[in-house]
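Just so it is clear, none of the values below were taken in a lab; they were calculated from the coordinates. Just so it is clear, the structure is predicted and the values come from calculations on it, not from any experiment. Using ideal geometry, Cβ is built from the backbone for each residue, glycine included, and neighbour counts are taken over all protein chains shown.
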Number of protein chains: 2
Amino acid sequence: MPEHIAVVGATGAVGREFIDLISHRNLASKKITLLASARSAGQKIKVGSTDCTVSELTAGSFAGVDLALFSAGGNISQKYAPAAVKAGAAVIDNSSAFRMDDNVPLVIPEINPQAAKKHRGIIANPNCSTIIMAMAVWPLHRVNPVTRMVVSTYQAASGAGAAAMHELETQSQDVLDGKDAKPQVLPFQVAFNLFNHNSAIDDSGYNTEEIKMIKETHKIFGDNSIRITATCVRVPVFRAHSESINLTFERPMTPDEARELLQNSRGVTVVDQRDPQHFPMPIEASGIDDCLVGRIRQDVSQPDGRGIDLFVCGDQIRKGAALNAIQIAELISA
Amino acid sequence: MPEHIAVVGATGAVGREFIDLISHRNLASKKITLLASARSAGQKIKVGSTDCTVSELTAGSFAGVDLALFSAGGNISQKYAPAAVKAGAAVIDNSSAFRMDDNVPLVIPEINPQAAKKHRGIIANPNCSTIIMAMAVWPLHRVNPVTRMVVSTYQAASGAGAAAMHELETQSQDVLDGKDAKPQVLPFQVAFNLFNHNSAIDDSGYNTEEIKMIKETHKIFGDNSIRITATCVRVPVFRAHSESINLTFERPMTPDEARELLQNSRGVTVVDQRDPQHFPMPIEASGIDDCLVGRIRQDVSQPDGRGIDLFVCGDQIRKGAALNAIQIAELISA
């Protein structure tokens with residue numbers, strides 16, 4: 001087990017979830033160092049029952065650190081993860097900086113735990129939307145390969161950080177008060193509105209978030225042949241992402257078969273009750289570890305029985321980010 | 001032109017939009033009768049600058065009426081539309097009661113105006129999600145047939161009526177105030193949440209809203225061969241629906257071709273700017289006539305060039321309901 005854990009980006013939404021999970025799971029360590037930008041240094045954050053002071057992140061912050069959990073954006077990871085590795089720490093990086101690097105494993109412990117063992121210092125944590133989709137699709141794919149996926153997301157404000165969650169709250173109040181919404185953190189009004197994910201769009205017309213879902217799934221599943229299209233949309237929800245997923249399989253797959261496979265999968269809870277209706281919802285997926293999967297049905301547009309539609313919700317901060325990283329840490333510490 | 005128009009369901013969200021549109025468009029009539037349930041009778045609603053009193057709907061309400069616009073639910077249409085027809089009125093019905101009736105045309109004026117001419121008294125107005133999808137897809141389908149569609153919706157509260165819009169408002173305030181959400185009109189919390197459309201689910205696992213989108217599109221396009229799957233989701237937005245649509249065409253279709261076809265289509269505005277990003281959003285689609293279409297791109301999961309992804313937003317109350325009905329009225333009155 002790591003004797004000394006550092007959390008980089010300790011004051012962010014994912015950073016705080018790291019601290020919460022470290023306090024409550026089997027990753028007990030003798031020492032924890034909280035790191036953030038100079039602006040946040042000096043803040044006090046409770047770790048278990050102890051007040052810890054946040055220190056400024058520098059290249060020298062990692063002396064004696066065994067495990068460094070990064071969630072402070074790609075630039076910070078690019079700059080400081082190598083320093084942490086040099087100091088002897090294993091880095092689990094929540095940013096996109098190293099995800100597609102051939103020398104860096106991209107890991108969801110329920111799916112490709114073996115990849116984590118091959119790390120050379122850095123292990124990348126996948127994109128939140130990718131993780132939540134993969135949790136719902138992998139249990140099916142592993143017994144009957146998925147040949148094509150069409151996914152549309154309903155992504156929570158938390159994916160853009162704690163400030164975006166706060167903006168959803170204050171902006172909603174402004175709109176209810178009849179005031180104009182003033183987007184500051186997110187590029188467009190998020191209160192009572194939705195918009196396509198605002199990451200950069202390349203010549204293909206896909207935004208970076210969509211491309212991540214495609215490429216990261218290929219890497220995690222170890223299968224570049226799966227044809228995937230994604231449309232990523234931000235919705236006025238606080239912290240759980242939802243995804244509508246249409247699947248085509250190599251061979252026919254029945255809803256009963258899919259439901260049974262998912263019911264027997266770790267990290268997934270099937271919520272698929274038709275009368276009275278009870279299906280996955282973000283408010284029920286928030287604050288829990290499992291991804292909720294439901295609306296499992298035979299796709300009527302694929303009459304050969306090779307199509308399944310389903311709907312998944314997962315806590316973006318937890319399984320979509322911090323929990324998955326902590327599970328990776330537990331995996332390599334075991 | 002109709003001399004005497006009756007609005008059934010005059011106090012509802014769509015009813016009020018009917019009245020607003022009648023006042024502002026070319027459907028000037030000498031007389032307007034506002035009808036609603038006994039509970040709403042006696043209310044005063046402004047038509048242009050005149051205060052009109054709402055009367056209780058009865059079988060005798062339609063004497064002398066030339067045109068009756070119904071939007072008070074399927075049961076009311078079933079019960080009273082035949083009486084209106086018997087009294088000599090043309091009925092345009094916004095409910096689902098008659099949509100799949102072989103003797104009733106189901107009309108979107110930009111798509112199948114010729115069908116309206118064959119009516120025998122009743123013309124059905126399609127489901128709101130169907131109209132908004134069809135407005136985006138028809139201009140492409142008519143030159144290169146769509147063989148398959150995968151659609152996921154982001155449906156506004158307005159689809160469940162004025163009371164649901166009010167619930168979104170008051171419930172959001174309750175949640176912001178730290179109180180529990182108490183769903184009364186909608187079956188689940190809608191504030192800062194989303195849920196699969198709560199219409200009844202049949203043995204196939206599809207809900208009624210999804211089945212409407214499939215069957216009504218077949219009828220309007222006059223093509224039962226299009227393979228369609230839909231996932232319908234309610235989101236915390238007031239009055240414009242959004243839809244993520246994945247299309248497969250008979251022959252290759254380029255994004256430029258799709259964009260040009262849509263730019264030259266009535267009732268559609270292309271909003272598809274990549275840098276700085278500007279794509280369809282419900283707040284910009286609300287209160288306008290046109291459906292906004294964007295995110296038009298070649299689907300990378302269909303390497304044969306036959307796939308297009310796009311995103312559409314349309315005002316559920318306006319083009320999704322009242323405006324389309326008024327356009328039908330103008331069509332048969334011309």
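Ordered by residue, what ³J(HN,Hα) values in Hz, to whole numbers, does the range B:314-325 give under the Karplus form 6.51 cos²θ - 1.76 cosθ + 1.60, where θ = phi - 60° and Gly and Pro are x?
x, 5, 5, 6, 8, 5, x, 8, 5, 4, 4, 5
Which residue, chosen from B:225, B:172, B:48, occupies the Cα position most advanced towards the positive end of the dipole of chain B, where the dipole is computed from +1 (Lys, Arg) and -1 (Asp, Glu) charges on Cβ about the Cα centre?
The listed residue farthest towards the positive side: B:48.
Taking the Cα centre of the range A:130-315 as the origin, how large is its charge dipole in debye, to the nearest 20, when only Lys and Arg (+1) and Asp and Glu (-1) carry charge on their Cβ atoms?
The calculation lands at about 340 debye.
Given all pairs of different Cα atoms, what value in angstroms does the Kirkwood hydrodynamic radius of the range A:264-334 take?
Kirkwood hydrodynamic radius for the range A:264-334: 13.7 Å.
Can you give the angle from 0 to 90° between the axis of helix A:13-24 and the longest principal axis of chain A, with both taken from C-alpha atoms, to the nearest 10?
Result, in degrees: 80.
Looking only at other chains, what is the average number of their beta-carbon atoms within 10 angstrom of each beta-carbon in B:267-276?
Averaged over the peptide's residues, the number is 1.
Give the nm distances, rounded to one decimal, from residue A:288 to the matching residue in every other copy, measuring between label points 7 Å along Cα toward the beta carbon; shortest first.
Copy-to-copy label distances at residue A:288, shortest first: 4.0 nm.
Taking a label point 7 Å from Cα toward Cβ, how far is residue B:42 from its twins in the other copies, in nm, shortest first?
6.6
Across peptide B:221-232, what mean number of C-beta atoms from other chains lies inside 10 Å of a residue's C-beta?
Counting other chains' Cβ atoms within 10 Å and averaging over B:221-232 gives 3.
Please go through the range B:90-198 and write out the trypsin sites (Lys or Arg not before Pro) that DSSP classes as loop and that have at most 12 other C-beta atoms within 10 Å.
Passing sites in the range B:90-198 are B:117, B:118, B:120, B:179.
At q = 0.12, 0.23, 0.26 Å⁻¹, what is the base-10 log of I(q)/I(0) for the range B:24-107 according to the Debye formula with one equal point scatterer per Cα and no solvent? Please give it to two decimals.
So the normalised log intensities work out to -0.38, -1.25, -1.41.
Helix B:162-176: angle to the longest alpha-carbon principal axis of chain B, degrees 0 to 90, nearest 10?
Orientation of helix B:162-176: about 60 degrees from the principal axis.
How compact and how long is the range B:161-211, expressed as Rg and Dmax of its alpha-carbon atoms in Å?
Using the Cα atoms of the range B:161-211, the pair Rg, Dmax is 13.0, 41 Å.
Considering the options B:130, B:199, B:116, tell which one lies farthest towards the positive end of the dipole of chain B, charges being +1 on Lys and Arg and -1 on Asp and Glu at the Cβ, about the Cα centre.
In chain B, that residue is B:116.
Counting other Cβ atoms within 10 Å, which trypsin sites (Lys or Arg not before Pro) in the range A:255-334 have at most 11 and lie in a DSSP loop?
Within the range A:255-334, the qualifying trypsin sites (Lys or Arg not before Pro) (loop, at most 11 other Cβ atoms within 10 Å) are A:266.
Give me a comma-separated list of calculated 3J(HN,Hα) values for the range B:64-71, in order, Karplus coefficients 6.51, -1.76, 1.60 applied at θ = phi - 60°, integers in Hz, x for any Gly or Pro.
Listing the rounded values in order: x, 7, 8, 9, 10, 9, 9, 8 Hz.
Relative to the longest principal Cα axis of chain B, at what angle does helix B:128-141 sit, 0 to 90 degrees, rounded to 10?
With rounding to tens, the tilt is 50 degrees.
Of A:117/A:219; A:182/A:212; B:86/B:212; A:212/A:319, which ones are farther than 19 Å apart at the Cα? Mind dumping the intermediate values first?
Details: A:117/A:219 16 Å; A:182/A:212 29 Å; B:86/B:212 28 Å; A:212/A:319 17 Å.
Beyond 19 Å between Cα atoms: A:182/A:212; B:86/B:212.
Using a 10 Å cut-off on Cβ to Cβ distances, tally the other chain neighbours for every residue of B:172-180 and report the average as a whole number.
Details: counts 7, 4, 0, 4, 5, 1, 0, 0, 0.
So the per-residue partner count for this stretch is 2.
Where the eigenvalues come from the Cα gyration tensor of the protein assembly as shown, what are the semi-axes √(5λ) of the equivalent ellipsoid, largest first, in whole Å?
Equivalent ellipsoid of the protein assembly as shown: 49, 27, 21 Å, largest first.
Would you calculate, for the protein assembly as shown, the mean residue ellipticity at 222 nm contributed by helices, counting each DSSP H stretch of 4 or more residues as -39,500 (n - 2.57) and dividing by all residues, to the nearest 500?
Taken over the protein assembly as shown, the calculation gives -8500 deg cm²/dmol.
Calculate how large, on average over all directions, the projected area of the Cα convex hull of chain A is; give the answer in nm² to one decimal.
Numbers: hull surface 73.0 nm².
Over every viewing direction, the Cα hull of chain A projects on average to 18.2 nm².
Label residue A:333 and residue B:184 with points 7 Å out from Cα along Cα→Cβ: what is the distance between them in nm?
Label at residue A:333, label at residue B:184, 5.0 nm between them.
Quick one: Cα convex hull volume of the range A:130-315, Å³ per residue?
Looking at the range A:130-315, the number lands at 134 Å³ per residue.
For residue A:264 and residue B:225, what is the calculated FRET efficiency with R₀ set at 45 Å and r taken between the beta-carbons, to the nearest 0.05?
Given R0 = 45 Å and the Cβ-Cβ separation, E is 0.75.
With all pairs of different alpha carbon atoms counted, what Kirkwood hydrodynamic radius in Å does the range B:99-188 show?
Working: mean 1/r = 0.0614 Å⁻¹.
After inverting the mean inverse Cα-Cα distance, the result is 16.3 Å.
With bins 5 Å wide starting at 0, give me the P(r) of the range B:1-148 over every alpha carbon pair, in whole percents.
2, 10, 18, 22, 20, 13, 8, 5, 2, 1, 0
Using the alpha-carbon centroid of each, what span in Å lies between the range B:107-170 and the range B:1-78?
Taking the Cα centre of the range B:1-78 as reference, the centre of the range B:107-170 is 22 Å away.
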